[in-house]
1. Mean Kyte-Doolittle of at least -1.0 plus a Cα span of 24 Å or more along the axis: flag which DSSP H helices in the chain meet both, please.
2. Sort region 79-233 into rounded, prolate or oblate with this rule: let a ≥ b ≥ c be the square roots of the eigenvalues of the Cα gyration tensor; rounded if a/c is under 1.5, and if a/c is not under 1.5, prolate when a/b is larger than b/c, oblate otherwise.
3. Working from the pairwise distances between different alpha carbons, so that the mean of 1/r is found and then inverted, what is the chain's Kirkwood radius in Å?
4. When N counts the residues of region 143-283, how does its alpha-carbon radius of gyration compare numerically with 2.2 N^0.38 Å, as a ratio?
5. In region 134-184, which chymotrypsin sites (Phe, Trp or Tyr not before Pro) are in a loop and have at most 13 other Cβ atoms within 10 Å, using DSSP for the loop call?
6. Enumerate the amide H contacts of A194 below 5 Å, restricted to partners 5 or more residues apart or on another chain; note that Pro and chain-start residues carry no placed amide H.
7. What pairs from K128/K245; K174/K245; K60/K245 go past 26 Å between their alpha carbons?
8. With the other protein chains left in place, how much accessible area per residue, in square angstrom, belongs to the chain at a 1.4 angstrom probe?
Amino acid sequence: MKKGLVLEGGAMRGMFTAGVMDVLMENGVEFDSIVGVSAGAAFGVNYKSGQIGRVLRYNKRFCNDKRYCSTASLIKTGNLFNAKFCYHTVPNELDVFDREAYNNSPVEFWLVCTEMESGKPYYRLCDKADDRCFEWIRASASMPLVSKPVKIDGSEYLDGGMSDSIPLKFMMKKGCERNVVVLTQPRNYSKEKASMLPLMKLSLRRYPNTYKAIAGRHVMYNRTRDFVFEQEKRGSAFVICPAEKLPIGRVEHDPENLQRVYDLGRQEAERCLEALQSFLREG
């Protein structure tokens, strides 16, 4: 029976996910397939490469570095998170991503982007860690308004969370019958309509289908969460999420707060580890 790991996005709320992942890796929890969305993709690749602690380490190191994330980068490049520094300089030079381990791992790693012409999710299998793979990760994590569309093979992409925030159905279609789903919002969370729709409509005027996806995202997201918890009740999904709203925004420059949210992820994973292992064994 195939086992899958589904990683929601949420920008720096992904530090919770990083804490969960490290506990699972430390305890030898293995999956056949992983799918990540946005920050879930950017951080989730470290599960396939087996790099425990890397997400916390480089985020704490560079959270106050203007080359990493800054208004200056947004003004100069059109990207709040600097494309070259975050997705090439860091993994290739400053906190090296283990390409060999990633490439040798049998785990399938998928990510989700939003294809801007159609406004629909695009699922990409990243079987080789190279600069092209890092560009796909950047596309998955490129938030609207603070990121330029990422052009790959003639198409343009943005944040996968706009079209499929929690791709559990995708993993089930890929044959994963037991799925661990890591969410970055608490169980009682309900997404509301985006507050900046007029500005988004202006910035996405060339992409009406993508704007339509954003305008209805709250409906799609809440329905998807309902489906996730329904599968949990049926015994085919195991959900890990914070007990309360995480004390962190989309951008975080305080390394202590990054550590705090990471620790919350670790604590939750440690709390439910035995139940999770039992869930996967039963599969």
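The values are calculated or read from the model by the stated rules, or taken from the named source; none is laboratory data. Note that the structure is predicted; figures quoted are calculated from it, not measured. Glycine gets a Cβ as well: all are built from the backbone with ideal geometry, and neighbour counts include every protein chain shown. Please note that ligands, DNA and RNA were not included when accessible areas were found on the heavy atoms of the full protein model with its side chains. Shrake-Rupley method; radii C 1.70, N 1.55, O 1.52, S 1.80 Å.
1. Long hydrophobic helices here: 255-282.
2. It comes out oblate by the Cα gyration axes.
3. Answer for the chain: a Kirkwood hydrodynamic radius of 18.7 Å.
4. It is 1.21.
5. none
6. Distant-sequence amide H within range of A194: H218.
7. K128/K245; K174/K245
8. It amounts to 46 Å² per residue over the chain.
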